[in-house]
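Visitor: The structure that follows is given in the form of structure tokens.
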Amino acid sequence: MNLGVVIMGQDCGKHIKMCLDSCKEADWIVFCDGGSTDNTLEIANKYCNITIQNKYDKIDPTMNGRQRNFYLDYIKKNYPNDFCLVLDADEVLSDDAIKQLKKDIQVMKPGMYSVKMK
């Protein structure tokens, strides 16, 4: 069983590298960009298997859900049998988080799990 990570963000070039470094042990990483104008995509493309883009409309109150549906559709089509951890670009995992999750998912049943964050 594989473990992938989806990272969602926009104009997060100042801190995305910390997030990406913390999940580099994942089997795949997808960055969902909302229309960055800084160096976010340049950094993300060095780490991620793919970068997908969907322009984020900050005025639209339904945009968070629409953005999540956008990347979930991509994941369902391209990684239908894998587990997926979703992070915002300013979240950082502990040093052994990916290794532990990869071990844990070998005995978990498919489904949705909510992980407590510190």
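Visitor: Which option, (i) 79, 32, 23; (ii) 41, 27, 26; (iii) 39, 34, 24, is the value of Cα extents along the principal axes in Å that was calculated from these coordinates?
Guide: Computed from these coordinates, Cα extents along the principal axes in Å corresponds to label (ii).
Visitor: Multiply the residue separation of ARG66 and MET18 by 0.36 nm, subtract the distance between their alpha-carbon atoms, and state the gained length in nm to one decimal. Don't skip to the end; give the middle numbers.
Guide: Details: separation 48, 0.36 × 48 = 17.28 nm, distance 2.59 nm.
In short, 14.7 nm is gained.
Visitor: By how many nm would the segment from THR37 to GLN106 grow when fully extended, if each residue of separation counts as 0.36 nm and the alpha-carbon distance is taken off?
Guide: Numbers: separation 69, 0.36 × 69 = 24.84 nm, distance 3.91 nm.
Result: 20.9 nm gained on full extension.
Visitor: Next up: Please report the carbon-and-sulfur percent of the accessible area for the chain; probe 1.4 Å, protein heavy atoms only, DNA, RNA and ligands left out.
Guide: Working: 3900 of 7680 Å².
For the chain, the apolar C and S fraction of the accessible surface comes to 51 percent.
Visitor: Given Cα pairs under 8 Å that are at least 6 residues apart, what percent is the relative contact order of segment 10-63? Walk me through the numbers on the way to the answer.
Guide: Details: 68 pairs, mean separation 21.4, N = 54.
So the answer I get is 40 percent.
Visitor: Among 7-13, 62-68, how do they line up by average Cβ neighbours within 10 Å per residue, starting with the highest? Can you show the working numbers first?
Guide: On the way: 7-13: 20.6, 62-68: 13.1.
Averaged packing, sorted descending, gives the order 7-13, 62-68.
Visitor: Treat every Asp and Glu Cβ in segment 13-67 as -1 and every Lys and Arg Cβ as +1, leave all other atoms uncharged, and give the resulting dipole magnitude about the Cα centre to the nearest 20 debye.
Guide: Numbers: 7 positive and 8 negative charges, 19 e Å.
In debye, rounded to 20, segment 13-67 gives about 100.
Visitor: Related question: Show LEU87, LEU101 ordered by accessible area, largest first, where the area counts protein heavy atoms only and the probe is 1.4 Å. Spell out each step's value before the answer.
Guide: Numbers: LEU87 5, LEU101 45 Å².
The most accessible residue leads, giving LEU101, LEU87.
Visitor: Turning to a different aspect of this structure: Give me the Debye-computed log₁₀ of I(q)/I(0) at q = 0.15, 0.23, 0.29 Å⁻¹ for segment 60-104, equal point scatterers on Cα only, no solvent, two decimals.
Guide: -0.54, -0.96, -1.06
Visitor: Using label points projected 7 Å from each Cα along Cα→Cβ, tell me how many nm separate TYR74 and ASN45, to one decimal.
Guide: 1.4 nm
Visitor: Straight-line reach from LYS14: which lysines have Cα under 27 Å away, leaving out those fewer than 8 places along the same chain?
Guide: Here the lysines satisfying the reach criterion relative to LYS14 are LYS24, LYS46, LYS55, LYS58, LYS99, LYS116, LYS118.
Visitor: For the chain, report the accessible area per residue in Å² (1.4 Å probe, heavy atoms, rounded to an integer).
Guide: Numbers: 7680 Å² over 118 residues.
Accessible area per residue, the chain: 65 Å².
Visitor: Another question, if that's okay. Please list SER114, SER94 in order of solvent-accessible area, largest first, computed with a 1.4 Å probe with all protein chains present. Mind dumping the intermediate values first?
Guide: Details: SER114 115, SER94 70 Å².
Descending accessible area places them as SER114, SER94.
Visitor: With every protein chain in place, what's the accessible area of LYS103 (1.4 Å probe, Å², nearest 10)?
Guide: The accessible area comes out at roughly 140 Å².
Visitor: From largest accessible area down, sort GLU25, GLU91; use a 1.4 Å probe on the protein chains.
Guide: I get GLU25, GLU91, largest accessible area first.
Visitor: In whole percent, what relative contact order does the chain give with Cα contacts below 8 Å and a gap of six or more residues? Provide the component values of the computation, followed by the final result.
Guide: Working: 167 pairs, mean separation 43.5, N = 118.
For the chain, the relative contact order is 37 percent.
The values are calculated or read from the model by the stated rules, or taken from the named source; none is laboratory data. Just so it is clear, the model here is predicted, and its values are computed rather than measured. Every residue, glycine as well, gets a Cβ built from its backbone with ideal geometry; the counts of neighbours run over all protein chains shown. Side chains are part of the model used for accessible areas, which takes the heavy atoms of the whole protein and leaves out ligands, DNA and RNA. Shrake-Rupley method; radii C 1.70, N 1.55, O 1.52, S 1.80 Å.
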